[in-house]
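The values are calculated or read from the model by the stated rules, or taken from the named source; none is laboratory data. Quick caveat, the model's predicted, so the values are computed rather than measured. Methodologically, a virtual Cβ is constructed for each residue, glycine included, from the backbone with ideal geometry; neighbour enumeration extends over all protein chains shown. For the accessible areas, the whole protein counts, side chains as well, though only heavy atoms, and no ligand, DNA or RNA atoms are used. Shrake-Rupley method; radii C 1.70, N 1.55, O 1.52, S 1.80 Å.
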Amino acid sequence: QGQLVESGGGLVQPGGSLTLSCAASGFTFSTYAMGWYRQAPGKERDMVATISTNGGSTNYADSVKGRVTISRDNAKKTLYLQMNSLKPDDTAVYYCNGRFRQMQWGQGTQVTVSS
């Protein structure tokens, strides 16, 4: 029943920055811990970052720690992922979803970092 719509991806040079957004609807967003996930060609889907319901606690994959910031605006029902110092290994389709209670996956947004 919940809907998640990712946006903000695109082509960026190594060292560049992007901010991804996830618009949520159809569920009580503020009661869901949320996360960003990514899947590169030929690889499994991995967790990138998670955030608690009120934004007070965050967790990051070792591969992105120090370069990525996850945040949320419960009033706007939106999840964000700010990415800096991007590397070619960051190239993937990025998805958002609940951390523990998950809904149908959205379309994702493609991030491509040229080498």
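Counting only residues that are over 12 Å from Val111 (Cβ atoms), surrounded by 12 or more Cβ atoms within 10 Å (Cβ to Cβ) and over 10 Å from the mean Cα position of the chain (by Cα), the stretch 27-60 holds 14 of them. Within the stretch 2-10, is even one residue part of a loop (DSSP other than H, G, I, E, B), without any contact (Cβ under 8 Å) to a residue 60 or more places away in the chain and buried (at least 16 other Cβ atoms within 10 Å of the Cβ)? No - not one qualifying residue is present in the stretch 2-10.
Scoring Thr69 on the criteria (1) under 18 Å from Tyr94 (Cβ atoms); (2) more than 11 Å from the chain's Cα centre (by Cα) leaves a single failure, condition (2). Would you check if Tyr80 is touching a Phe, Trp or Tyr at 6+ places or on another chain (Cβ under 8 Å), buried (at least 18 other Cβ atoms within 10 Å of the Cβ) and in a strand (DSSP E or B)? So Tyr80 does not fit the description; no. Considering only the stretch 43-55, I want to know if a residue exists there that is assigned to a strand (DSSP E or B) and polar (S, T, N, Q). Yes; the residues of the stretch 43-55 include at least one that is assigned to a strand (DSSP E or B) and polar (S, T, N, Q).
In this structure, Leu86 does not satisfy being farther than 15 Å from Gly2 by Cα, part of a strand (DSSP E or B) and either in contact with a His (Cβ under 7 Å, 6 or more places away or on another chain) or not hydroxyl-bearing (Ser, Thr, Tyr) (or both). Only a single item in (1) open to solvent by less than 40 Å² (accessible area, probe 1.4 Å); (2) aliphatic (A, V, I, L, M); (3) without any contact (Cβ under 8 Å) to a residue 60 or more places away in the chain is not met by Leu86, and it is number (3).
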